[in-house]
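Enquirer: Here it is, the structure in full.
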Amino acid sequence: MIDRDAFAARFDVSRETLAALDTYATLLAEWQTRMNLVGPSTLPHLWDRHFADSAQLLGLDGTGKAWLDIGTGAGFPGLIIAVLDPAARVTLVESIAKKCRFLAEVSASLGLGNRVTIENRRVESLPRQRFDIITARALAALDRLFDWSLGFAGPQTQWLLPKGARFAEELARAEERFAFDHRLVPSLTDPQARIVIATGVRRR
């Protein structure tokens with residue numbers, strides 16, 4: 001289990017960044033009383049289940065700095081990426097308006113507005129543009145994620161997709177519809193989970 005102190009050590013965050021994450025955690029707890037942003041049982045384990053689970057994507061992203069986070073919910077992983085990496089430009093796509101209001105408050109409170117774009121829409125309606133990295137967490141199966149996001153990918157785009165214990169089944173289904181290269185990285189927060197790093201995604 002990764003708590004606040006272990007998170008700070010594992011990801012080598014500055015005191016200023018840790019303070020920003022404390023603000024994020026406080027806002028999440030406040031808003032959680034009014035809406036279901038995360039599973040209630042996960043809130044006491046926020047630093048492990050949400051913050052570390054998101055932060056572990058950093059370092060896997062090569063040199064890409066334009067991120068697309070589909071179905072970001074409470075901002076995981078995209079908003080955590082923006083907090084931890086001052087060079088990242090992150091587009092958060094979330095179809096539920098009240099969650100977008102929460103994202104906007106966190107972004108404003110942490111001074112991220114110049115690097116974070118919040119899109120209150122489904123990803124299918126997002127204007128076409130290219131991203132270096134596409135990510136999504138606990139949203140849909142791999143084949144559906146590829147289907148939704150392929151129009152936002154260029155030749156060098158990477159998909160960084162945290163997946164649970166059934167990752168092998170999802171890969172097999174995705175390979176029926178798409179050709180792609182991939183590697184698997186063990187998750188820091190769940191021994192049964194993997195991060196799928198996919199490149200060269202194209203329809204069969």
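All of the numbers you see were taken from the coordinates with simple rules; none came from a lab. Note that the coordinates shown come from a computational prediction; the quantities given were computed from them, not determined experimentally. Heads up, the Cβs are rebuilt from the backbone with ideal geometry, glycines too, and the neighbour counts pull from every protein chain shown.
Enquirer: Taking the Cα centre as origin and putting +1 on Lys and Arg beta-carbons and -1 on Asp and Glu beta-carbons, what dipole magnitude results for the chain, to the nearest 20 debye?
Expert: 600
Enquirer: Continuing with this model, one more query. To the nearest 20 debye, what charge dipole does the range 116-204 have about its Cα centre, counting +1 at the Cβ of each Lys and Arg and -1 at the Cβ of each Asp and Glu?
Expert: On the way: 15 positive and 11 negative charges, 33 e Å.
The dipole magnitude comes to about 160 debye.
Enquirer: In whole Hz, what ³J(HN,Hα) sequence does the range 33-44 give by Karplus (6.51, -1.76, 1.60; θ = phi - 60°), x for Gly and Pro?
Expert: 6, 10, 8, 8, 7, 9, x, x, 5, 8, 4, x
Enquirer: Taking amide H positions as placed in the peptide plane 1.01 Å from N, state which residues far from residue 178 in sequence (5 or more) or on other chains have amide H under 5 Å from it.
Expert: Residues meeting the criterion, in which the H sits 1.01 Å from N, are 204.
Enquirer: Next question. What are the residues whose amide H is under 5 Å from the amide H of residue 158, where those residues sit 5 or more places off or on another chain and H is modelled from the backbone?
Expert: Here 133, 134 satisfy the definition.
Enquirer: If you add up the charges near residue 98, with Lys and Arg at +1 and Asp and Glu at -1, over every other residue whose beta carbon is less than 13 angstrom from its beta carbon, what do you get? List each step's numbers first, then the result.
Expert: Values: positive: 34, 99, 101; negative: 94, 105.
Local charge sum for residue 98: +1.
Enquirer: A further question follows. Out of all DSSP beta bridges in the chain, what portion is antiparallel? Express it as a percent rounded to 5.
Expert: Roughly 45 percent of the beta bridges in the chain run antiparallel, per DSSP.
Enquirer: What fraction of the Cα pairs in the range 1-54, stated in percent, has a spacing above 13 angstrom?
Expert: Percent of Cα pairs beyond 13 Å in the range 1-54: 59.
Enquirer: Using alpha carbon centroids, what distance separates the range 138-204 and the range 63-117, in Å?
Expert: 21
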